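The values are calculated or read from the model by the stated rules, or taken from the named source; none is laboratory data. The model shown is predicted, which means the values in this text are computed figures rather than measured ones. Reconstructed Cβ throughout: ideal geometry from the backbone, glycine too, with neighbour counts over all protein chains shown.
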Amino acid sequence: MSNNLFEDTDSILSEERIFPPTQEMVENANITAYMKSKGFDDYEAFYKWSLDNRYEFWDDLAKELHWFEPWQKTFEWTDKPFFKWFVGGKTNIVYNCLDRHMETDVRHKVAFHWEGDDGETRSMTYEQLYVETNRLAKGLQKLGIKKGDRVAIYMPAVLEQVIAVLAVARLGAVHTVVFGGFAASALRDRIIDAEAKMVITADGNYRGGKLIKLKQICDEAVAETPTIEHVVVFNRQKLDAPMQEGRDVYWHDLLADIPADTVVPCEPMDSEDLLYILYTSGSTGKPKGVVHVQGGYSVGAYATTKFVFDIKDDDIYWCTADVGWVTGHSYIIYGPLMTGVTSVLFEGTPAYPNPDRWWSVAERFKVTILYTSPTGIRGLMRFGEEWPAKHDLSHLRLLGSVGEPINPEAWMWYRHNIGRDTLPIMDTWWQTETGSIMISPTIIQPLKPGSATRPMPTIEADVVDKNSKSVGLGKGGFLVIRHPWPSQMRTIYGDPNRYRTYWETLPMCTLPVTRPRLISKALSVFRVVSMMSSR
């Protein structure tokens, strides 16, 4: 790290514009309904209550989900830094994504509208997604996949990628999704570290008009791994992909004799059983497998989706991220499906074949909530305002930003050109290690361009110096969180000792600090200004 760390960040955000919520937003918000159930009309008073009553808060949200067996204790922290949430509880996140909706009208709702790079479209209801997830789960069982096995998923953004994730988790196996743009070496390293037993991939796909031969890349990776027993191949492009006899099987052949009424019961999982491993980029060394578990992650992803995006029954929600990143796990697949919302899944790129591709998708599917990245926004800004102006974006009611700090200029462009100068922007800060959103406004709070505003309920965030002392207003330092939360990572896969070192850098702070954030503390408003990695 830089020796001038704190000198470099000893600054305050000069942005002064504030955009308050409308009265209608406040009255109809999900967070308002919860606050009122606790006797609060004022958010600041509610937030302070949440810090003192965090276990009650998380108990309430957990009770909105299905549990095969209830938890006996909300939180346990006897072996620091390791901790447990919902101790003794038994659940399965896929039951909460699919099975419980089969008992309601949600079963008939569209779960995903999908659009391919070439403009092809498909839609799949919750019931259809349930059927196909069960069929694939049965096929994976036939190939020997069981609870605890690790399965690598290396696929494009197609509906079958979602099905693969859900089928693996349904069986109690552990998925590790690898971004489809990664090279063979990156896939190989992740397979080896996770000791994956299977890879689920596709023959290939087009992205931005360019053909990516995924199966060929997968074969190169698997050739150097000792644990892969089977490779399941979704025939996305009908390519003449090489198939190794005895190891490789096409998706359609695997499912050919599995009927639509097949039901593979969700494996009851302990709250602390592994759900998935997601690897950090490895840009500064060997990729490290961040471990997330069934119970706490489910509750965190569900609660933040409900409150940050203010999900309503008639929303059409679109997160433009890739499932290969944590944003895709939490806010394309798990969070939205648990809330029962209709989502959009897009295979292409923002500006192919034209710079209005995103706005065309948003118009066509009547998207009401758009969650995207500052990089995407800035990239489309350079093409000019005329491209979004060509499209009817009047269905939009809420915008979001994720992945990096959004500068005030991009924030204002987003609000003006996409949000009609009226829509709220949820500027969210979180990361792979947190599992879910940590700092973000809700729809009832005032907004400030370029600022993620305030911590979420129960999240005790602060800015400290290298001695873990809270800094004054306008001072720079490390962003830390002082108490565990349900969706927090549990360990580094296969390397618990390295995980312990997370807490040795800044004593008494709970956020894993292999990714410390440098921020300025200004008038109780958090603005993430840069990131440094010590990995």
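The table below lists the values:
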{"quantity": "Hey, Gly340 surrounded by 23 or more Cβ atoms within 10 Å (Cβ to Cβ), out of contact with any strand residue (DSSP E or B) (no Cβ under 7 Å at 6 or more places or on another chain) and under 20 Å from Val162 (Cβ atoms) or not", "calculated": "no"}
{"quantity": "Selected residue [within 28 Å of the chain's Cα centre (by Cα), surrounded by fewer than 18 Cβ atoms within 10 Å (Cβ to Cβ) and free of Cβ contacts under 8 Å to residues at least 12 places away in the same chain] from Glu44, Glu64, Glu69, Glu24", "calculated": "Glu44"}
{"quantity": "Helices (runs of 4 or more DSSP H) contained in segment 354-424 and holding at least 2 residues charged (D, E, K, R) and surrounded by 14 or more Cβ atoms within 10 Å (Cβ to Cβ)", "calculated": "357-364"}
{"quantity": "Matching residues, segment 283-315, being assigned to a loop (DSSP other than H, G, I, E, B) and farther than 30 Å from Asn28 by Cα", "calculated": "Ser283, Thr284, Gly285, Lys286, Pro287, Lys288"}
{"quantity": "Some residue of segment 339-349 being under 28 Å from Asp60 (Cα atoms), out of contact with any Gly (no Cβ under 6 Å at 6 or more places or on another chain) and among the hydrophobic types (A, V, I, L, M, F, W, C)", "calculated": "yes"}
{"quantity": "Candidate set: segment 131-162, residues that are in contact with an Asp or Glu (Cβ under 7 Å, 6 or more places away or on another chain) and under 14 Å from Val233 (Cβ atoms); chosen: the one surrounded by the most Cβ atoms within 10 Å (Cβ to Cβ)", "calculated": "Pro156"}
{"quantity": "Residue within segment 172-193 that is exposed (fewer than 14 other Cβ atoms within 10 Å of the Cβ), more than 23 Å from the chain's Cα centre (by Cα) and free of Cβ contacts under 8 Å to residues at least 40 places away in the same chain present", "calculated": "yes"}
{"quantity": "Any hit, segment 83-94, residues being assigned to a loop (DSSP other than H, G, I, E, B), within 15 Å of Leu171 (Cα to Cα) and outside the structural domain of Thr227 (by the TED database)", "calculated": "yes"}
{"quantity": "Single unsatisfied condition, Ala152 versus (1) among the hydrophobic types (A, V, I, L, M, F, W, C); (2) outside any helix (DSSP H, G or I); (3) more than 21 Å from the chain's Cα centre (by Cα)", "calculated": "(3)"}
{"quantity": "Which numbered condition Thr458 misses (of (1) more than 24 Å from Ile31 (Cα to Cα); (2) crowded, with 20+ Cβ neighbours inside 10 Å; (3) among the β-branched types (Val, Ile, Thr))", "calculated": "(1)"}
{"quantity": "Qualifying residue in segment 157-168 (condition: under 24 Å from Asp495 (Cβ atoms) and either assigned by the TED database to the domain that holds Val290 or in contact with a Lys or Arg (Cβ under 8 Å, 6 or more places away or on another chain) (or both))", "calculated": "no"}
{"quantity": "Entirely in segment 17-57, the helices (runs of 4 or more DSSP H) that have 2 or more residues that are of a type in the set (Val, Ile, Thr) and in the same structural domain as Val299 (by the TED database)", "calculated": "30-37"}
{"quantity": "Selection from segment 139-188 of residues that are of a type outside the set (A, V, I, L, M, F, W, C) and farther than 21 Å from Gln294 by Cα", "calculated": "Gly139, Lys142, Gly144, Tyr154, Pro156, Glu160, Gly180, Gly181, Ser185, Arg188"}
{"quantity": "Residue in segment 130-142 that is outside any loop (DSSP other than H, G, I, E, B), within 21 Å of the chain's Cα centre (by Cα) and either outside the structural domain of Val361 (by the TED database) or without any contact (Cβ under 8 Å) to a residue 60 or more places away in the chain (or both) present", "calculated": "yes"}
{"quantity": "All strands (runs of 3 or more DSSP E) inside segment 189-282 with 2 or more residues being touching a helix residue (DSSP H, G or I) at 6+ places or on another chain (Cβ under 8 Å) and not aromatic (Phe, Trp, Tyr)", "calculated": "198-202, 230-234, 274-279"}
{"quantity": "Segment 34-48, subset in contact with an Asp or Glu (Cβ under 9 Å, 6 or more places away or on another chain) and not charged (D, E, K, R), residue farthest from Ile444 (Cα to Cα)", "calculated": "Ser37"}
{"quantity": "Some residue of segment 233-256 being surrounded by 15 or more Cβ atoms within 10 Å (Cβ to Cβ), within 26 Å of the chain's Cα centre (by Cα) and aliphatic (A, V, I, L, M)", "calculated": "yes"}
{"quantity": "Filter result (surrounded by fewer than 24 Cβ atoms within 10 Å (Cβ to Cβ) and touching a residue at least 40 places away in the same chain (Cβ under 8 Å)) within segment 463-478", "calculated": "Val463, Val464, Asp465, Lys466, Ser468, Val471, Gly472, Leu473, Gly474, Lys475, Gly476"}
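Yes/no per residue for (1) modelled with pLDDT of 95 or more; (2) of a type outside the set (Gly, Ala, Ser); (3) assigned by the TED database to the domain that holds Leu140:
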{"position": "Val263", "(1), (2), (3)": "yes, yes, yes"}
{"position": "Gly296", "(1), (2), (3)": "yes, no, no"}
{"position": "Val308", "(1), (2), (3)": "yes, yes, no"}
{"position": "Asp315", "(1), (2), (3)": "yes, yes, no"}
{"position": "Trp325", "(1), (2), (3)": "yes, yes, no"}
{"position": "Thr339", "(1), (2), (3)": "yes, yes, no"}
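Yes or no, residue by residue, for (1) closer than 26 Å to His416 by Cα; (2) modelled with pLDDT of 90 or more:
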| position | (1), (2) |
| --- | --- |
| Ser440 | yes, yes |
| Asp462 | no, no |
| His483 | no, yes |
| Tyr493 | no, yes |
| Pro496 | no, yes |
